[in-house]
Ligand code: FES
């Protein structure tokens, strides 16, 4: 499967400016605006950074730092399915890193990436509250315990095949 980072779509600057203008009056406006941009576009395009800096009279570095700090803000559109792999302590002790390596080697898909057909995005999370069944993951809203390479292969196949 060809898994590459999603192509960045055309940026609708006028629409982004409207979102920013609508919320710029709020105290601590940056976070609400970022959430709204992600809600509107599905991700926070890097081209929002100078617009936000100008509108809120803060540095581009501050805007970029905030976006980077909160892992919920996506820098590219997500796939139709999202697989979150837990890489916290309990899951590490049960081999989650070898699953991440397997995903990269067998499917050319690393955390933070989306398949070329936009079927599946993979993310890292830190504890899903499912430590007793580690290594754990979450596919869309479904919690998965005792994840192994075979299940991982099946998830990728299902997401990029008929059920996507
Ligand atoms: S450490 Fe992975 S679910 Fe808690």
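Computed from the coordinates by the stated procedures, all read-outs in this text should not be read as laboratory data. Note that the structure is a prediction, hence the values are computed from the model and not measured. Note that we place each Cβ from the backbone using ideal geometry, even for glycine, and neighbour counts take in every protein chain shown.
Based only on Cα atoms, what Rg/Rh ratio does the chain have, Rh being taken as Kirkwood's radius? Don't skip to the answer; put the middle values down first.
Values: Rg = 17.8 Å, Rh = 17.1 Å.
My calculation puts Rg/Rh at 1.04.
In the Gaussian network model of the chain, springs joining C-alpha atoms below 10 Å, which of 111, 32, 77 carries the largest mean-square fluctuation? Sorting by GNM fluctuation, first place goes to 32.
One decimal place: the segment residue 58-residue 105 gains 12.8 nm when fully extended, by the rule 0.36 nm per residue minus the C-alpha distance.
Report Rg(Cα)/(2.2 N^0.38 Å) for segment 81-160, keeping two decimals. Mind dumping the intermediate values first?
On the way: Rg = 11.2 Å, N = 80, 2.2 N^0.38 = 11.6 Å.
Ratio of Cα Rg to 2.2 N^0.38 Å: 0.97.
Footprinting exposure proxy ranking of 41, 69, fewest other C-beta atoms within 10 angstrom first, gives 69, 41.
Binning all Cα-Cα separations of segment 13-69 at 10 Å, short to long from zero, yields these whole-percent fractions: 25, 66, 9.
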